[in-house]
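Let me begin by presenting the structure, written as C-alpha cells, before commenting on it.
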Amino acid sequence: MLSELTKRQQFRAMRAGSWDRRGGNDDWRSIKPGETLVMGDLEGPGKIVHWWCTVAGEAVEMYNRMLVLRFYWDDEANPSVEAPLGDFFGSGHGMEEECLSLPITSVHNGTGRNCWFGMPFNKRARLTITNEADKEIRAFYWNIDWQKHEAPDDGILYFHAQYRQEYPAVPGKDYNILEAEGAGHYTGTVLNIEKALRPGWYGEGDEKIYIDGETEPSIWGTGTEDYFLTAWCPSVHHSAFAGCSIWQNCNHPGDKMTGYRFHILDPIPFTSRIRVDIEHAWTVENKEFADYYSSVAYWYQNEPHKPFRAFPDRDARRARWPEKITYDEYWKKGDPEKGF
C-alpha cells in the first residue's frame, strides 16, 4: 500500500462534496422526509477511494436506520449497495458508536464516518442517500474522493454491500447473511443481535460459508465471538480487521451487540455463487432462541448481480427495545441555524 506512493500515479484526483457553492460555510444539505439526495453522479472510468460523511439528525429517532444508502454502478437498475447508514459504518440498531477498523472508520463517538473500500466503475457511479423517516434531517455533510482514469478496465470487480434482517430469526434455521451469484470474493460482515425475551448466550453460533454451490461449507467456524476474532464472550474492542462496536450483554430483553469482521488479507473467492450463514441455535438449551438479527455483507463481484431481497421498511427496521439506544448528548443540543 505505502509502496504505491513511490510510483507516478496515472489518474486525476477528484472530489464530490457538499461544500457551499455560494462561497460561505453552509457546507451541509438538509434531507426532507422521503427525499433522496444524490451525493455523487460521477462520469467514469474511475474509482472511489474514500468517502466521508456526518449527520446532525437529532430530531429523527434512530436516524442511523432511517437514512438509507443506495449506490449504482454503470447505469444498473438495481443498487449494488443498499444499507442503512449506521449499519454500513459498523454501528447497528440505529445507534451511533465508533468503529475503528481499516476499511471502515467512524470516530468522535461514531459521528465522523469514513469508508476506504475501493469502488471502481467504468461508465458512471451514482451514490444516493434517502431519508425514510417522517422528520427532516437538518444537516448532512459528505466528501467523496475518487480517481478519474483515462481508460475503462474490463476486468474490474464491483463493490457490493447488502443489509438483511430477521426480526426475529427463524428457530432451527441458520441466519442468512448473504446469497450472491457471479464471480468475486467476500470481504466482510457487520452483524447485529438484539436479545428477545429469553435470556442467554447466543455466541456459540458458528459461521458457515458455502462456496460455489457446495452442500457442506468449506468454512465452518467455532462460534460467533470467534468469528469476530475475540474469545470467551465479547466486549467493546477495535482492531484493523475485526471488533465489537456495541456490547450490552445478553441477559436481558433488548441487550444489543454489533460485531464486525473484514476479510481484507483473507478474502473468500467464489466463481459462481456464495452463501454466508451463521447459527443462532446450537444446543438443546437454546434451540428455541429467536433473537433479532440484522447484518451487512460486503463483497466484490462481476456484474450483473443477483437482485437483492425486498428492503425492509422503516418501521420493520426499528430496534425492538429503543430505550436502550443512546446518542451523544452534544448533538441533542446543536444549533439548527448553524447546522452543527
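The values are calculated or read from the model by the stated rules, or taken from the named source; none is laboratory data. Worth saying up front: this structure is predicted, and the values here are computed from it rather than measured. Note that we place each Cβ from the backbone using ideal geometry, even for glycine, and neighbour counts take in every protein chain shown.
Observations on the structure shown:
- Search result, residues across region 1-41 that are under 19 Å from residue 129 (Cβ atoms), of a type in the set (Asp, Glu) and out of contact with any Asp or Glu (no Cβ under 6 Å at 6 or more places or on another chain): 35, 41
- Subset tally (residues that are over 21 Å from the mean Cα position of the chain (by Cα) and either under 22 Å from residue 136 (Cα atoms) or not charged (D, E, K, R) (or both)) for region 36-51: 4
- Scanning region 53-89 for residues that are of a type in the set (Gly, Ala, Ser) and in contact with an Asp or Glu (Cβ under 8 Å, 6 or more places away or on another chain) yields 59, 80, 86.
- All conditions in (1) touching a strand residue (DSSP E or B) at 6+ places or on another chain (Cβ under 9 Å); (2) of a type in the set (A, V, I, L, M, F, W, C); (3) surrounded by fewer than 21 Cβ atoms within 10 Å (Cβ to Cβ); (4) closer than 19 Å to residue 310 by Cβ hold for residue 88, with the sole exception of (3).
- All strands (runs of 3 or more DSSP E) inside region 89-199 with 2 or more residues being free of Cβ contacts under 8 Å to residues at least 40 places away in the same chain: 104-107
- Checked against the criterion of being under 14 Å from the mean Cα position of the chain (by Cα) and surrounded by 17 or more Cβ atoms within 10 Å (Cβ to Cβ), the candidates 147, 162 yield just one match: 162.
- Residue match in region 66-77 (condition: modelled with pLDDT of 95 or more, crowded, with 20+ Cβ neighbours inside 10 Å and within 17 Å of residue 260 (Cβ to Cβ)): yes
- Within region 232-242, the set of residues being out of contact with any Cys (no Cβ under 7 Å at 6 or more places or on another chain) and crowded, with 19+ Cβ neighbours inside 10 Å comprises 242 only.
- Count of residues meeting criterion [closer than 22 Å to residue 101 by Cα and not hydroxyl-bearing (Ser, Thr, Tyr)] in region 189-212: 6
- Of the criteria (1) hydrophobic (A, V, I, L, M, F, W, C); (2) surrounded by 19 or more Cβ atoms within 10 Å (Cβ to Cβ); (3) part of a strand (DSSP E or B), which one residue 60 fails: (3)
- Within region 250-273, considering residues that are part of a strand (DSSP E or B) and of a type in the set (Val, Ile, Thr), the one farthest from residue 168 (Cα to Cα): 268
- So residue 23, is it at positive phi, assigned to a loop (DSSP other than H, G, I, E, B) and free of Cβ contacts under 8 Å to residues at least 40 places away in the same chain: yes
- Residue within region 302-314 that is in contact with a His (Cβ under 9 Å, 6 or more places away or on another chain), farther than 21 Å from residue 98 by Cα and outside any loop (DSSP other than H, G, I, E, B) present: no
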